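Every number here is computed from the coordinates shown, using simple stated rules; none is lab data. What you see is a predicted model, and the numbers here were worked out from it, not measured in a lab. Note that we place each Cβ from the backbone using ideal geometry, even for glycine, and neighbour counts take in every protein chain shown.
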Amino acid sequence: MNDLSVKHLLSINDLNESDIDTIFKTADSFKEIINRPIKKVPTLRDITIANLFFENSTRTKLSFELAEKRLSADILNFSASSSSVKKGETLVDTANNILSMKVDLIVMRHPNPGAANYLAENTNTCVINAGDGTNEHPTQALLDCYSIKERHGSLKDLKVVIIGDIKHSRVALSNIYALKKLGAKVMVCGPTTLIPKFIHKLGVDVEHDLLKALQWCDVANMLRIQLERQDIQYFPSIREYVKQFGLNHEVISSLNKKITILHPGPINRGVEITSEVADSPNSIILDQVENGVAIRMAIIYLLAGKLNRA
């Protein structure tokens with residue numbers, strides 16, 4: 001088995017191309033397993049994993065939990081809304097109390113950027129970042145790239161456009177890092193107010209015309225507008241946004257080619273994408289969901305192999 005160069009998964013930037021290749025090859029094996037009649041393997045039956053979710057989550061939390069169960073790990077689920085965090089307990093104290101119960105690995109989602117790094121630096125455990133504020137979402141980027149590779153064979157020189165609320169999206173940043181590492185050409189598209197000013201420093205192109213971006217790309221990754229992270233109004237109205245950046249059948253039909261369509265979820269149908277497009281043969285949205293379990297199984301398995309539990 002190939003080894004990872006990291007002890008934690010905190011950021012895509014911490015991984016090298018060999019790490020990503022190892023994760024993808026391991027995910028291939030697990031994907032074959034989870035499509036068998038008996039989907040469970042006893043690989044991590046002596047490992048205990050705590051899922052610390054300080055933010056609401058459906059897909060990511062369920063995907064991690066299912067990945068852990070498929071590997072036969074013991075699971076401890078933590079919800080901030082019903083915990084001592086509400087009484088003023090610190091993140092590190094919460095984590096150390098959980099680790100005292102002989103937990104081996106922590107999967108954490110947190111609203112503050114850098115929280116996963118802070119936990120990794122201040123506790124003696126393996127940490128997987130399941131999303132930290134507007135910063136990163138590394139496992140989502142890995143499953144997105146894996147899904148694209150599955151459809152296209154390679155990401156080398158593939159043209160990928162990320163469309164929508166780039167400014168508030170942890171998915172966008174992690175995807176840019178991962179896509180660039182794997183040799184893809186990346187563009188972002190959205191309203192000027194939702195494109196970060198630093199974006200050019202990441203080596204990506206910027207386009208504000210949806211049709212031009214779609215004519216350029218091979219793959220379009222549609223992001224929702226993250227209203228819960230916006231403290232001011234960044235565009236006149238949802239109706240105006242849909243008119244300029246919504247992906248519908250009419251727009252897709254106007255292209256002289258087929259493109260692959262992704263969406264990390266949750267989908268706001270009728271806003272960034274219509275149901276007709278989301279459910280079309282060009283869409284690999286449900287493939288992303290299935291691949292998410294295999295990718296997270298691979299990451300947990302590879303990192304658990306580095307644990308020192310002597």
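The figures follow:
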item: Lys/Arg +1, Asp/Glu -1 at C-beta; the chain dipole; positive extreme among LEU211, LEU10, SER72; result: SER72
item: Region 1-53 and region 106-173: distance between their alpha carbon centers, rounded to Å; result: 15
item: Which of LYS159, LYS40, LYS185 has the fewest Cβ neighbours within 10 Å, and the rest in rising order; result: LYS40, LYS159, LYS185
item: Candidates per trypsin sites (Lys or Arg not before Pro) in region 75-146, loop by DSSP, up to 10 other Cβ within 10 Å; result: LYS102
item: GNM top mover of ILE273, ILE20, ILE33 - the chain, alpha-carbon springs below 10 Å; result: ILE33
item: Residue exposure sequence - MET222, MET187, MET297 - by fewest surrounding Cβ within 10 Å; result: MET187, MET222, MET297
item: Estimated inter-spin distance, SER253 and THR58, nm [label 7 Å along Cα→Cβ]; result: 3.0
item: Rg in Å to one decimal, and Dmax rounded to a whole Å, for region 256-295 via C-alpha atoms; result: 10.8, 34
item: Placed amide H near LEU247: partners under 5 Å, 5+ positions off or other chain; result: ILE273, THR274
item: Within a Gaussian network of the chain (alpha carbon springs, distance under 10 Å), most fluctuating of VAL107, VAL92, VAL289; result: VAL92
item: For SER253, SER147, order by how many other beta-carbon atoms lie within 10 Å, fewest first; result: SER253, SER147
item: Gaussian network model of the chain, Cα within-10 Å springs - most flexible of GLN288, GLN140, GLN215; result: GLN215
item: Spread of Cα-to-Cα distances over 20 Å intervals beginning at zero, given as percent, for the chain; result: 33, 57, 10, 0
item: Of LYS61/LYS243; LYS159/LYS180; LYS61/LYS149; LYS31/LYS156; LYS185/LYS258; LYS181/LYS306, those spanning more than 21 Å from alpha-carbon to alpha-carbon; result: LYS61/LYS243; LYS61/LYS149; LYS31/LYS156; LYS181/LYS306
